[in-house]
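Undergrad: Got a structure here, written out as structure tokens. Questions coming.
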Amino acid sequence: MPGKHDMWSLRDILSWTTKRFSRLGLPSPRLDAELLIAHALRLKRIQLYTSLDKPLDYHERDTIRAFVRRRLKREPVAYITGCKEFYSLPFCVARGVLIPRPETEALIQAVRAVYSSRQPLLMLDLGAGSGNIGITLARLFSNSRIVMVEKDARATAVCSKNIRRLAGSNTLLLRADIRSLALAGPVFDALVSNPPYIPESDMPGLAPEIRRYENPRALAAAADGCAFIAPLLYLADKLLRMGGRLFLEFPERQLPRVALQLKLFASLNICAKITDYAGNCQGVVIGKQDG
């Protein structure tokens, strides 16, 4: 990074930062550089390219330098900027709270494929995290009511902040453990969940951004990654109306375990697979019918 008295333009800083990230082997060095510099200068990313020849003063460069140092330690960009886009919405995030993933947008698409946005539905988001799923559904289904459940105190605080920023009055946030959730049923039309599903033995092999910074309790679920499957199926059986749907995210390799667990619930059956934009399986839609 240039010194205090050097005159560097935004173009120079962007190029220098991208090269540093490339040498470290980061998967998206240019994007990371753009996001961090735009955040440091309080600009939108597109504004960087209308100001490339603008000279940066020492204080601006010092702010950028601090962000770059954090990223070089493999801290996720979302934790540095405090924001992650999901379904074109800017969600606040904080260290220890699961960062929304693009592949989880497939869960939203699966709900939209089943229900009309005009339907008055009652939905339950189990393990809400930052609130990206429940809040997105609340905006897309404005005539519906979305109940969001989260156990972790930090995640609950971040979710509350995102509700105030992005949601209307059709959301309700409860702090509770989904494995001991006490709700009357069957009243819900849809249950949606992206639970922890990484086997604990896989955690040491994850990228440093995940392994060092994200909350392991929001990622790992026992030895096989399936600790939350049975509780979620139980809640679907208990809380869903007849004809209701459980939209459940998990990796395809766990599909046999989910199918095995389903045999314990006569009223629950797999209706469809959930796939991402690349056609990869991201979970299933499970329907409740008369057993």
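Undergrad: Filter region 252-277 down to the residues that are assigned to a loop (DSSP other than H, G, I, E, B) and at pLDDT 90 or above, then identify the one that is farthest from the chain's Cα centre (by Cα).
TA: Applying the first criterion (assigned to a loop (DSSP other than H, G, I, E, B)) to region 252-277 yields 263-267, 276-277.
Remaining after also requiring at pLDDT 90 or above: 263-267.
Values: K263: 30, L264: 30, F265: 29, A266: 31, S267: 30 Å.
Filtering region 252-277 for residues that are assigned to a loop (DSSP other than H, G, I, E, B) and at pLDDT 90 or above, the one farthest from the chain's Cα centre (by Cα) comes out as A266.
Undergrad: Among the candidates A182, A218, A266, A222, which residue alone is among the hydrophobic types (A, V, I, L, M, F, W, C) and on the phi > 0 side of the Ramachandran plot? Reasoning before the result, please.
TA: Details: A182 fails: on the phi > 0 side of the Ramachandran plot; A218 fails: on the phi > 0 side of the Ramachandran plot; A266 fails: on the phi > 0 side of the Ramachandran plot.
Of A182, A218, A266, A222, the one residue that is among the hydrophobic types (A, V, I, L, M, F, W, C) and on the phi > 0 side of the Ramachandran plot is A222.
Undergrad: Give region 134-157 a look and list any residue that's in contact with a Lys or Arg (Cβ under 8 Å, 6 or more places away or on another chain) and part of a helix (DSSP H, G or I), or say none.
TA: L140, A153, T156 - these are the residues of region 134-157 that are in contact with a Lys or Arg (Cβ under 8 Å, 6 or more places away or on another chain) and part of a helix (DSSP H, G or I).
Undergrad: So how many residues does region 39-61 have that are hydrophobic (A, V, I, L, M, F, W, C), more than 21 Å from M7 (Cβ to Cβ) and either surrounded by 11 or more Cβ atoms within 10 Å (Cβ to Cβ) or touching a Pro at 6+ places or on another chain (Cβ under 7 Å) (or both)? Can you show your working first?
TA: Narrowing region 39-61 to residues hydrophobic (A, V, I, L, M, F, W, C): 40-41, 43, 46, 48, 52, 56.
The next check asks that each one be more than 21 Å from M7 (Cβ to Cβ); those that pass are 46.
Applying the additional criterion that residues be either surrounded by 11 or more Cβ atoms within 10 Å (Cβ to Cβ) or touching a Pro at 6+ places or on another chain (Cβ under 7 Å) (or both) yields none.
Of the residues in region 39-61, 0 are hydrophobic (A, V, I, L, M, F, W, C), more than 21 Å from M7 (Cβ to Cβ) and either surrounded by 11 or more Cβ atoms within 10 Å (Cβ to Cβ) or touching a Pro at 6+ places or on another chain (Cβ under 7 Å) (or both).
Undergrad: Out of curiosity, is W16 touching a residue at least 12 places away in the same chain (Cβ under 8 Å) and in contact with a strand residue (DSSP E or B) (Cβ under 7 Å, 6 or more places away or on another chain)?
TA: Spelling it out, it is not the case that W16 is touching a residue at least 12 places away in the same chain (Cβ under 8 Å) and in contact with a strand residue (DSSP E or B) (Cβ under 7 Å, 6 or more places away or on another chain).
Undergrad: Restricting to region 158-188, name every residue that is in contact (Cβ under 8 Å) with a residue 60 or more places away in the chain and either part of a strand (DSSP E or B) or surrounded by fewer than 14 Cβ atoms within 10 Å (Cβ to Cβ) (or both).
TA: R165, V187, F188
Undergrad: Looking only at region 109-129, which residues are within 14 Å of the chain's Cα centre (by Cα) and over 14 Å from F247 (Cα atoms)? Outline the logic, then answer.
TA: Going residue by residue through region 109-129, those that are within 14 Å of the chain's Cα centre (by Cα) are 125-129.
Of everything in region 109-129, just one residue is within 14 Å of the chain's Cα centre (by Cα) and over 14 Å from F247 (Cα atoms), namely G129.
Undergrad: Kindly list the number of the only condition in (1) free of Cβ contacts under 8 Å to residues at least 60 places away in the same chain; (2) out of contact with any strand residue (DSSP E or B) (no Cβ under 8 Å at 6 or more places or on another chain) that fails for A78.
TA: All conditions pass for A78, except number (2).
The values are calculated or read from the model by the stated rules, or taken from the named source; none is laboratory data. Nothing here was measured: the structure is a model prediction, and the numbers come from that model. Counting neighbours? That spans all protein chains shown, and the Cβs are built from the backbone with ideal geometry, glycine included.
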